[in-house]
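Here's the structure we're looking at; comments come further down.
The values are calculated or read from the model by the stated rules, or taken from the named source; none is laboratory data. Since the structure is predicted, the reported quantities are computational estimates derived from the model, not experimental observations. So basically every Cβ, Gly included, is an ideal-geometry build from the backbone, and we count neighbours across all protein chains shown.
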Ligand code: CMX
């Protein structure tokens, strides 16, 4: 099903503060940042091989990422798997009783189609399905 790890999402309080670690210390290439209003986050992408690291900074206290940081502190937030035919994958999971947060794909960063699976159905890992049609994933 999965083509590769598209990206790993990392929850941070401030992208500006952590960026030097990823760019200068680790030497990764900064690809750009954008605000995803619907998720109340600002995101920044760094390339690592064929995959990316996505830094997630909450833009509101109500953001899922703000709640995550309050509860668990900064750190790895989700694993995004690149897929084809995301609607078929979602349908298949629903049919098999796998709990989905998103029961239909929605738009993420860069105009990609994304859907989150609930961590209660994945042994504690927030998994994002991510289908690119010429865009990025968030
Ligand atoms: N990874 C693993 N488990 C997580 C988690 C995460 N990122 N976030 C929450 N959980 C766990 C909690 O620890 C909790 O577990 P327990 O019941 O065992 O304590 C459970 O999920 C419920 O967590 P909660 O704090 O009560 O939070 P909510 O139920 O309100 O929300 C979740 C949790 C996953 C449904 C919500 O964060 C969500 O819908 N996430 C998907 C959207 C998202 O994360 N958007 C931000 C990124 C967007 C982007 O990349 O563009």
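Can you tell me which residues in region 20-56 are assigned to a helix (DSSP H, G or I), touching a strand residue (DSSP E or B) at 6+ places or on another chain (Cβ under 7 Å) and buried (at least 16 other Cβ atoms within 10 Å of the Cβ)? Residue satisfying the conditions is 22 alone. Here residue 60 meets each of (1) outside any loop (DSSP other than H, G, I, E, B); (2) at pLDDT 95 or above; (3) under 19 Å from residue 109 (Cβ atoms) with one exception, condition (1). If you check residue 2 against the conditions, is it in contact with a strand residue (DSSP E or B) (Cβ under 7 Å, 6 or more places away or on another chain) and modelled with pLDDT of 95 or more? Considered against the rule, which asks whether it is in contact with a strand residue (DSSP E or B) (Cβ under 7 Å, 6 or more places away or on another chain) and modelled with pLDDT of 95 or more, residue 2 comes out as no. Report every pair of residues separated by at least 6 positions or lying on different chains whose Cβ atoms are under 6 Å apart, first residue within region 51-70 and free of Cβ contacts under 8 Å to residues at least 24 places away in the same chain, second assigned to a loop (DSSP other than H, G, I, E, B). So the pair list comes out as 60/40. The residues on offer are 121, 110, and the sole one that is within 14 Å of the ligand (Cβ to nearest atom) and at positive phi is 110.
Only one of the numbered conditions (1) in contact with a helix residue (DSSP H, G or I) (Cβ under 7 Å, 6 or more places away or on another chain); (2) within 11 Å of the ligand (Cβ to nearest atom) is not met by residue 78, and that is (1). For region 1-51, how many residues are over 23 Å from residue 90 (Cα atoms) and within 15 Å of the ligand (Cβ to nearest atom)? Residues meeting the conditions: 18. The residues of region 6-19 that are in a strand (DSSP E or B) and either buried (at least 18 other Cβ atoms within 10 Å of the Cβ) or free of Cβ contacts under 8 Å to residues at least 24 places away in the same chain (or both), listed by number, are 6, 7, 9, 10, 11.
Of the residues 125, 83, the single one that is buried (at least 16 other Cβ atoms within 10 Å of the Cβ) and over 21 Å from residue 42 (Cα atoms) is 83. Set side by side, the residues 85, 132, 95 differ, and just one is touching a residue at least 60 places away in the same chain (Cβ under 8 Å) and more than 10 Å from the ligand (Cβ to nearest atom), which is 132.
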